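See structure below.
The values are calculated or read from the model by the stated rules, or taken from the named source; none is laboratory data. Quick caveat, the model's predicted, so the values are computed rather than measured. Here the Cβ positions follow ideal geometry from the backbone for every residue, glycine too, while neighbour counts run over all protein chains shown.
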Ligand SMILES: Nc1ncnc2c1ncn2[C@@H]1O[C@H](COP(=O)(O)OP(=O)(O)OP(=O)(O)O)[C@@H](O)[C@H]1O
Ligand SMILES: [Mg+2]
């Protein structure tokens, strides 16, 4: 990973708030002790909320205390997935690990830090899911993060969200406004004597059948990696299973806590595990709670009926994806 952007390739950034103002503002505030992970990309629909959810669940399964903050108060995708998770927990009476969670109702950095202090004081990780556009709060979240995760799909439009590449020479023409913001904020942190955050581009929704598209996307992403100083990692492939389990607020790892549902193909869990390994998040020395397989208490008759219907729907989802 290179330490920063090549100045000639990064257009003179700065409309709106200058990074020095953003970082200066943060330095005047009490910052969280927990490791902060921002899920950011100004391109919509690339998988920010999906990866935020899977990472949060994976970390809670490892016994870490996790706070998730949904900054997208209009869509509230992460919030709705976690509500579905609560529904599954209640209906099937299983003890699924759950992060602390809050929706940021006002786009205020004071409120953001207040919520982190209120709910995340003892947390090991704070995961912040950002909406797909630039804003003062998005810039501050990126500036205060230790890890910035940017999911990206393999389409040309998704690459343009990071930078534009000359199709003939394969050279970077210009970093996108989003990439310029991230690079400038990281540089500003260094100027102020803070550590640079780890900027990780995670490929997502990769369709194995699109080999040509993947090869050209990889070439361009590798070129931009050299100029923008991010780390490119393998993310998740495109799988209907991911989408369908989200409707129940479940990640693949959860299935081992609900043995009666059966298992999905290991490749899904393998991908999620590889993603977590590649992120290289710190291992906290704090005590880790052990997540045990849940015991189902004897349900009442009507609860049993509801649970059966729910279980049936889930089982059929899982069976579809286990072939
Ligand atoms: N690996 C995947 N396989 C299949 N579907 C996926 C995958 N990743 C994300 N999706 C689906 O893509 C859609 C967009 O994902 P998501 O909501 O996580 O994106 P986002 O970047 O948070 O979007 P927004 O910018 O609107 O907040 C969702 O329907 C989600 O279920
Ligand atoms: Mg989202």
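Counted as qualifying within the range 133-184 are the strands (runs of 3 or more DSSP E) with 2 or more residues that are at pLDDT 90 or above and under 22 Å from residue 30 (Cα atoms), namely 147-152. Just one of the listed residues (62, 75) is out of contact with any helix residue (DSSP H, G or I) (no Cβ under 6 Å at 6 or more places or on another chain) and in contact (Cβ under 8 Å) with a residue 60 or more places away in the chain, namely 62. The set of residues from the range 190-208 being surrounded by fewer than 20 Cβ atoms within 10 Å (Cβ to Cβ) and more than 20 Å from residue 154 (Cβ to Cβ) comprises 190, 191, 192, 193, 194, 195, 196, 198. All conditions but one from (1) over 29 Å from residue 231 (Cα atoms); (2) out of contact with any helix residue (DSSP H, G or I) (no Cβ under 8 Å at 6 or more places or on another chain) apply to residue 97; the one that does not is (2).
Collect the residues in the range 113-136 that are closer than 22 Å to residue 18 by Cα and away from ligand 1 (no atom under 14 Å from the Cβ), keeping them in residue-number order. Within the range 113-136, 113, 136 qualify.
With respect to (1) out of contact with any strand residue (DSSP E or B) (no Cβ under 6 Å at 6 or more places or on another chain); (2) within 14 Å of ligand 1 (Cβ to nearest atom), the lone exception for residue 211 is condition (2).
Restricting attention to the range 185-220, and to residues there that are outside any helix (DSSP H, G or I) and without any contact (Cβ under 8 Å) to a residue 12 or more places away in the chain, which single residue is farthest from the chain's Cα centre (by Cα)?
Residue satisfying both the conditions and the ranking: 193.
Where the second residue is not in a helix (DSSP H, G or I) and the first is free of Cβ contacts under 8 Å to residues at least 24 places away in the same chain and lies in the range 221-238, which pairs have Cβ atoms under 9 Å and are six or more apart or on separate chains? Pairs found: 222/232.
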